1. In whole Å, how far is the Cα centre of the stretch 193-207 from that of the stretch 34-80?
2. Starting from the Cα of Lys242, draw a straight line to each of the lysines and keep only those under 28 Å, dropping any in the same chain fewer than 8 residues away.
3. Given the convex hull of the Cα atoms of the stretch 158-222, what is a quarter of its surface area in nm²?
4. Using amide H atoms built in the peptide plane, which far-off residues or other-chain residues are under 5 Å from Asp178 H to H?
5. Sorted from fewest to most neighbouring beta carbons within 10 Å, what does the list Glu166, Glu33, Glu124, Glu143 look like?
6. Restrict the search to the stretch 198-259; then list the GluC sites (Glu not before Pro) that DSSP places in a loop and that have at most 11 other Cβ atoms within 10 Å of their Cβ.
7. Calculate the all-directions average of the projected area of the stretch 117-242's alpha-carbon convex hull, and give it in nm².
8. Sequence-distant or interchain residues sharing an amide H contact under 5 Å with Leu58, placed H: which?
Amino acid sequence: MPKFAANLTMLYQEYPLLERIERAASAGFRGVEILYPYGADLDAIKSTLDAHDVELVLFNIPAGNVDAGDRGFANDPRRVDEYRAAVDLALTVQRSLPAPRFNTLVGRRLLDVPIAEQFATVRENLRYAADATAKQGVTQLVEPLNAIDTPDFLVPTSTQMLVLIEEIGHPNLRLQYDFYHQQRMEGNLMAFFAGHIGQIGHIQIADSPDRHEPGTGEINYDYVFDQLDTLGYDGWVALEYKPVTTTEASLGWLKRFGYDV
């Protein structure tokens with residue numbers, strides 16, 4: 001059976017963060033994600049996680065001004081120092097919230113910078129991140145975002161992202177595989193996963209095309225979960241979806257996996 005983690009940035013949004021942790025634990029989750037814990041009370045988060053025996057499995061390196069449209073900026077040669085400072089900040093936070101994985105977003109295409117220079121900048125920045133995180137025992141992930149939801153994202157497919165990862169060639173750099181983004185861009189969900197399982201460091205899920213909970217769209221998640229077990233995947237499967245109504249109402253599909261929802 002897959003190990004499911006609740007993404008607390010997407011789920012339980014009607015509650016304060018610490019209560020999100022408590023509610024996730026009450027539902028049976030032993031792992032959670034918090035995409036951007038920066039500026040929060042880290043000691044209170046850690047205490048709440050520990051009190052409920054819940055692991056923080058991942059958070060993101062800062063991605064810039066997300067509200068203003070940033071989806072990372074690792075491709076911007078004018079912001080190299082800012083990106084490396086973001087990596088260092090994530091590592092500082094990780095000393096208080098010891099998540100074993102970081103995700104990073106590479107950014108949208110820049111119209112005023114040659115594309116070759118953008119990719120060169122990404123490669124150097126990701127090498128820096130993979131080196132720095134390895135020294136602290138953190139796995140560095142990088143994630144493609146589909147071009148339907150995020151127009152002009154520099155690396156919108158898993159296929160393209162694996163090419164970039166292979167060009168960089170760092171042993172601490174792996175793909176974050178989101179079934180929702182994969183379905184929107186390429187499909188071929190389990191064949192791709194099976195062919196590249198050794199390069200995948202983490203899974204996130206949502207149904208397609210509306211990014212709601214499993215069972216609301218076109219992805220056969222019963223088949224997906226069976227295949228993950230068959231292939232021997234023993235990592236986390238994080239629920240990064242937008243509930244149709246409330247989070248609690250969206251979790252009914254988990255009952256057959258033993259979750260108390």
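1. 21 Å
2. Filter leaves Lys3, Lys46, Lys255.
3. Its average projected convex-hull area is 4.4 nm².
4. Long-range HN contacts for Asp178: Gln204.
5. Glu166, Glu124, Glu143, Glu33
6. Glu218
7. Averaging across all directions leaves 7.8 nm² for the Cα convex hull.
8. Ile34
Read-outs throughout are calculated quantities, based only on the coordinates presented, and are distinct from any laboratory measurement. Everything numeric here is computed off the predicted structure, so don't read it as measured data. With ideal geometry, Cβ positions are generated from the backbone for all residues, glycine too; neighbour counts draw on all protein chains shown.
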